[in-house]
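We did not get these values from a lab; they are worked out from the coordinates using the rules stated. All values reported here derive from a predicted model rather than from experimental measurement. So basically every Cβ, Gly included, is an ideal-geometry build from the backbone, and we count neighbours across all protein chains shown.
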Amino acid sequence: MAKDNILVGLEIGTSKVCVVVGESKPDGPIKILGVGQAPSCGIRKGEIVDFENVHKCVREAIADAEDKSDVTIKSVFAGVTGSHIQSFNNRGCVNLPEDREEIDMDDCEDVAISARDVSIPQQNAFLHTILQHYYVDGQEGVLNPVSMLGRMLEADFHIIHGVGNRIRNTVRCVKELGIEVEDVVFNGYASAQAILSQQQKDIGAMVIDIGGGTTDYVVYIDGAVKQSGVLAIGGDHITNDISMGLRIPMAKSERLKIEEGDATLGNALPGETIFLKDETGFAGRDVERETLNTIIHFRLREVFELLKRSMDGEPYLPMLGAGIVITGGCSMMRGIGPLAQDVFGIPASVARSKATSGLIAAAENPQFSTAIGLLRYGQAAYANRPQKEGIKEFLGKLFGKR
């Protein structure tokens, strides 16, 4: 198997570290060869707070993935998240020299650089400069300006940035294992590559990825990313609410959430209870099902309402022809789709990864959407090799190289 055909996605999540190994086929599906996992330790709200413990977890997940895929992992595409991730839209502009009218690749790179010529916090680094639309001498709808004649090239971009040191901690964690980082990718953007079809991107969709400690989101309009961000709220907050509200241990709360939870109010029979068995240090007792569902409902409603509020300043909701698409571990919660639909007022559904083969269980499990999306991102990056120089430049800046 050719080395260039192997892609590896690494997600260091609040609840788990996930490594997915895939075989890439040009313009075709990615075959999942193996999935490695390890419980997370030292991650809070998607960010590293204990480097040594996270380092051990990543090493365990990598070893597990190597064992299951029979592949020696030499490089990965790494996902990042956290409330420090920010984004904005901006237009870049370049004027061609007087002695030249034909637009080339250098002009396309220069217009992206022009779009990044804005002030961001000093400690931050640019993570993505995602093309939205090109314009040549004011002409709209240009898909590829290379070789076109013009005097002025403009382009709109969605730009994502975050605190450089926090991103660099993820890179260091991997590199100290002797593994290279091909690129660093915002988790929400990666998840969108796994679960959205091009048609969904074209007619408009909002991806909501609810993990253990964060909720990432990305909005596509007319095939382009228009908005993205992170809420520092996830499934672990639901678990904590259940623990506090029902006064039961966190481990039991997590199990209760997964096995019995439902985000739908009024779905339980009057007086219906769930019996929690006796365990060491815990006396068994009944809990009311409706109380459990109420706790889950209101925490998830808060998440969706915060996301909706973040969109209030933009006219995007009426433009989401494909509606809301939910993924991540928490998306498996019963009743989550109807609740999202109620809050946003448009159709909402839970999604699974697209255009993959191999391990079907991994492809269909929304917990793996980000890691599989990293493979899709990597596949596209290899298909467009000039972008690789930008990747090296980005990582070089993170580590102070010139």
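Output the number of residues of segment 265-287 satisfying the condition of being within 19 Å of ARG301 (Cα to Cα) and either touching a His at 6+ places or on another chain (Cβ under 7 Å) or free of Cβ contacts under 8 Å to residues at least 60 places away in the same chain (or both).
3
Residues in segment 120-129: is at least one surrounded by fewer than 17 Cβ atoms within 10 Å (Cβ to Cβ) and assigned to a helix (DSSP H, G or I)?
No - not one qualifying residue is present in segment 120-129.
Is at least one residue of segment 335-355 more than 23 Å from GLN367 (Cα to Cα), surrounded by fewer than 22 Cβ atoms within 10 Å (Cβ to Cβ), of a type in the set (Ser, Thr, Tyr) and touching a residue at least 24 places away in the same chain (Cβ under 8 Å)?
No; the residues of segment 335-355 include none that is more than 23 Å from GLN367 (Cα to Cα), surrounded by fewer than 22 Cβ atoms within 10 Å (Cβ to Cβ), of a type in the set (Ser, Thr, Tyr) and touching a residue at least 24 places away in the same chain (Cβ under 8 Å).
Which one is farthest from VAL225 (Cα to Cα), of the residues in segment 110-130 that are of a type in the set (Gly, Ala, Ser) and in contact (Cβ under 8 Å) with a residue 24 or more places away in the chain?
The residue in question is ALA125.
Within segment 9-32, which residues are assigned to a loop (DSSP other than H, G, I, E, B) and closer than 17 Å to GLY211 by Cα?
The answer is GLY13, THR14, SER15.
State the number of residues belonging to segment 61-109 that are in contact (Cβ under 8 Å) with a residue 60 or more places away in the chain and within 30 Å of LYS16 (Cβ to Cβ).
Final tally of qualifying residues: 17.
In segment 209-238, what residues are crowded, with 19+ Cβ neighbours inside 10 Å, in contact with an Asp or Glu (Cβ under 6 Å, 6 or more places away or on another chain) and over 22 Å from GLY79 (Cβ atoms)?
Matches in segment 209-238: none.
Let me confirm something: among ASP286, ASP342, ASP312, which residue is out of contact with any helix residue (DSSP H, G or I) (no Cβ under 6 Å at 6 or more places or on another chain) and in a strand (DSSP E or B)?
ASP286
So which residues in segment 314-334 are surrounded by fewer than 20 Cβ atoms within 10 Å (Cβ to Cβ), under 23 Å from ARG255 (Cα atoms) and over 18 Å from the mean Cα position of the chain (by Cα), if there are any at all?
Hit for segment 314-334 is ARG334, nothing else.
Just to be sure I understand, how many residues within segment 33-70 are part of a loop (DSSP other than H, G, I, E, B), buried (at least 20 other Cβ atoms within 10 Å of the Cβ) and on the phi < 0 side of the Ramachandran plot?
Residues flagged as part of a loop (DSSP other than H, G, I, E, B), buried (at least 20 other Cβ atoms within 10 Å of the Cβ) and on the phi < 0 side of the Ramachandran plot within segment 33-70 amount to 1.
Name every residue in segment 265-280 that is exposed (fewer than 14 other Cβ atoms within 10 Å of the Cβ), in a loop (DSSP other than H, G, I, E, B) and of a type outside the set (S, T, N, Q), in order of residue number.
GLY266, LEU269, PRO270, GLY271, GLU272, LYS277, ASP278
For PHE304, which of the numbered conditions (1) part of a helix (DSSP H, G or I); (2) out of contact with any strand residue (DSSP E or B) (no Cβ under 9 Å at 6 or more places or on another chain) fails to hold?
(2)
Please work out which one of (1) farther than 27 Å from ALA194 by Cα; (2) surrounded by 17 or more Cβ atoms within 10 Å (Cβ to Cβ) is the condition ASP104 fails and give its number.
So ASP104 meets the others, but not (2).
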